[in-house]
Protein chains: 2
Amino acid sequence: MTSNEATPPGARTEAPITGAAGAARASRPRITSRDVARLAGVSQAAVSLVLGDKWHGRVSPGKAEAVRDAARELGYRPNLAARSLRMGRTRTALLVVPALTTEFFARVYTGAARVAADHGFGVVLYPSPEGIGPARDPFDSAAATLDGVIASSMAADALAPLRDAGLPLVMLDSAPDDHRATATVNLDIADGIRQLTTHLVALGHRRVTHLAADVRSWTFEVRARAVTDALHDVPGAHLRRLPTALHIDAGLRAAHAALTGPGPRPTALLCDDDIIAAGACKAVRRLGLRIPEDVSVTGFDDLALAVAVEPELTTVRLPAEEFGEAGMRALMAVLDGHPAPAPALPVELVTRGSTAPPADAPGNAARPGGR
Amino acid sequence: MTSNEATPPGARTEAPITGAAGAARASRPRITSRDVARLAGVSQAAVSLVLGDKWHGRVSPGKAEAVRDAARELGYRPNLAARSLRMGRTRTALLVVPALTTEFFARVYTGAARVAADHGFGVVLYPSPEGIGPARDPFDSAAATLDGVIASSMAADALAPLRDAGLPLVMLDSAPDDHRATATVNLDIADGIRQLTTHLVALGHRRVTHLAADVRSWTFEVRARAVTDALHDVPGAHLRRLPTALHIDAGLRAAHAALTGPGPRPTALLCDDDIIAAGACKAVRRLGLRIPEDVSVTGFDDLALAVAVEPELTTVRLPAEEFGEAGMRALMAVLDGHPAPAPALPVELVTRGSTAPPADAPGNAARPGGR
DNA sequence: GACCGGACGTGTTACGTATAACTTCCGGCG
DNA sequence: CGCCGGAAGTTATACGTAACACGTCCGGTC
């Protein structure tokens, strides 16, 4: 009778010492829900019910307590692979970012992860390929089946397989009618640009060069359009636009071109991004010009970089964490079947030392032959 | 006989049209290996063998080809949850980084992911809590069972549950005798500091203040020790050390304190990190001093930031990607049962505009009353 | 002709979980 | 008394895959 393999209730032969945080558990004797059941003297099903918090009216409070104790004592952790297989869902979302280098998306992740945790979800990151093999598949990058995807529109290229699989896809800062997305969450980029432009115009700037990121992405197209629109009605305003990559030295080269090109020299460089602005600042200084006396420079994003350079950058602060939160909330809503209407998140102008009235303000006299 | 549910070979009734990249697959009719088997006219086991590349001498080349064709046509993707459950392994490694903001770890990830891919592994990121709930568990952050972990020693706090589970743990830049780690991979930080110090001493600097990151971590302890050792034998050398957090304004405050404190003013600020150095530069300039004429400043890491500030930072370039590669290789070796000996990776001094001979060199006359 | 072994496959099982379906007990009610 | 219905459990099953163990055929060998 004692040799029976089904351990009778009350028998707690198995666990030798353990003591809550037994440090000496070397290799892994995987603990399953059945082990917990044996120790608690119930069936495996009961364990699943109790730990899944679905036991009300199905298991007596006493046994439920016993199950929880047993689980704790054994250090039980449900096997997520088995759970996923059974449930057909993984409670995991994928966040696709254009590149990991960006502080901005780090903050987006933080917000998204917080909301996900509230829903019992995990978040897995997928940095768009850039050095990794070109055809790397977001699917297995996580080595997990996924329930949904949140992706920066900048990284939209890698998303085809995910979309084809019919996964819900929330796009960050994407065109509202983007056919690729199940839902869309936006920042009020246009308003940020508007604030920035208004600020420059109020200081007296008329000759503005827009150093525009040469990335085909909604978020940058909006910037371009908003700059154009905002300067359209300003009398005497003259806008030029130069494309540039999202790197410091690319910004430097573009700014150099802007300042040494034909026609009157611009008094303000409006940059799509703090990184570009940092490069632009270097270019200005290398030409022997001063910021902001000779040239004003503005950034976008308000990264740590914005206060690292001298002078500190006037820029637009994006609520990155709230953005991540909104994205994850939208995904959760989609998964719950609610379609999600989402207003654009407000952004904030931060004025610092890199902008000031231009030397020739406010008369705006055309200074010919700026070289 | 024809009504037998086991589809006779040759029958391909199921798939209607599909045509390789059928775009209209709205919601998900999960395609399993059994579907592939049916279409190819073989058993599910054969599909598993062929797709797992274990079919040589077990399945005829013709049928193998048929299986592959069927899989392609249906767009079959193995269910990773099921595979993990069956195999007890997930082919997934977790990379724990101290914070996502750091460009350095973004590059580490890139290298690690590349090596992992070569071994058929995926990499999942876990940014140490910092805004996320304090007790967030790396285990479920991945929503996947893991085969191994690579972690920055800076983030070692969150690793207890992983270690207790008996997972192989590779520590990055950790003490070689760190009992928490299964293996350790290091950068030759000490040598980097040595090169930096030698450079400063050669320029004539004797009064050096070390702005040391106040993070309890091997990698920073090594820096401190190396600085002390390197200056120990230099006649007339005078070293001070000030702790600072890893933020720009913390660096600024520390540098301010260093430059305005009692005793002769240091001619060089040796910073543990480019970020700190960026802050230090701001402090120097705010005091009306010039870089590098009055004060030399050095960084560490060679981030993008290092060339964004003016003047560009003399710093030490860390081979971040190779570091990630080495870490992942070590993990793979552990998983294969080979113990891994690992030499420290070499680093490289990068001299730029932020260092120069001090004004009072080389006589090194003590200038009293540095305030 | 009996036996062997390799090529080519298939049937079956187990991984650990969640849950539908079933059993048993028991108090209450018509 | 017969029967209903809820509480308290248990049993059984399926999720999709990998791989073990088992067949069958067939050419070759003694």
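In table form, for the structure just shown:
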read-out: Nm distances between copies for residue A:180, ranked from closest, using label points 7 Å along Cα→Cβ; value: 4.0
read-out: Calculated label separations, residue A:225, copies of the chain, 7 Å along the beta-carbon direction, nm; value: 5.9
read-out: Whether the stretch B:176-276 is rounded, prolate or oblate, judged on the alpha carbon gyration tensor where a/c under 1.5 counts as rounded; value: oblate
read-out: Per-pair calculated FRET efficiency, R0 = 45 Å: residue B:359 and residue A:180 via Cβ, rounded to 0.05; value: 0.15
read-out: Residue-by-residue Karplus 3J(HN,Hα) for the stretch B:226-239, coefficients 6.51, -1.76, 1.60, Hz, glycine and proline x; value: 5, 4, 4, 4, 5, 8, 4, 8, 7, x, x, 6, 9, 10
read-out: Highest to lowest packing among A:41-47, B:183-189, scored as the average C-beta count within 10 Å; value: B:183-189, A:41-47
read-out: Distant-in-sequence amide H partners of residue B:314 (H built 1.01 Å from N, under 5 Å); value: B:299, B:352, B:353, B:354, B:355
read-out: Chains B and A together, accessible area buried on both sides, 1.4 angstrom probe, square angstrom; value: 4600
read-out: Between the stretch B:318-361 and the stretch B:169-225, the Cα center-to-center distance that results, in Å; value: 11
read-out: Distance (nanometres) between label positions extended 7 Å along Cα→Cβ at residue A:30 and residue A:229; value: 5.6
read-out: Per-residue ³J(HN,Hα) for the stretch A:102-108, Karplus 6.51 cos²θ - 1.76 cosθ + 1.60, θ = phi - 60°, Hz, x for Gly and Pro; value: 7, 3, 4, 6, 4, 6, 4
read-out: Environment charge of residue A:307, counting only residues whose C-beta is closer than 10 Å and scoring Lys/Arg +1, Asp/Glu -1; value: -3
read-out: Dipole-positive endmost among B:298, B:259, B:220 within the stretch B:204-314 (Cβ charges, Cα centre); value: B:259
read-out: Using a Förster distance of 25 Å, the FRET efficiency for residue A:118-residue A:87 (Cβ separation, nearest 0.05); value: 0.85
read-out: Within the stretch B:156-182, backbone nitrogen closer than 16 Å to the virtual label 7 Å beyond the Cα of residue B:216 toward Cβ; value: B:156-160, B:175, B:178-180
read-out: Average other protein chain Cβ within 10 Å of Cβ, residues A:321-333; value: 0
read-out: Amide H contacts under 5 Å for residue A:241, placed H, 5+ residues apart; value: A:210
read-out: Per-residue average of Cβ from other chains inside 10 Å of B:76-84; value: 6
read-out: Gyration tensor (alpha-carbon) shape descriptor, the stretch A:204-253, a/c threshold 1.5; value: oblate
read-out: Dipole magnitude (debye, nearest 20) for the stretch A:204-314, charges at Cβ of Lys, Arg, Asp, Glu; value: 520
read-out: Inter-copy separations for residue A:68, label at 7 Å along Cα-Cβ, nm, ascending; value: 5.5
read-out: Residues whose placed amide H lies under 5 Å from that of residue B:122, excluding near-sequence neighbours; value: B:92, B:93
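The values are calculated or read from the model by the stated rules, or taken from the named source; none is laboratory data. If you're wondering where the values come from, they're calculated on a predicted model, not measured in any experiment. We place every Cβ from the backbone using ideal geometry, glycine too, and count neighbours over all the protein chains shown. Protein only, heavy atoms only, side chains kept; ligands, DNA and RNA dropped before computing areas. Shrake-Rupley method; radii C 1.70, N 1.55, O 1.52, S 1.80 Å.
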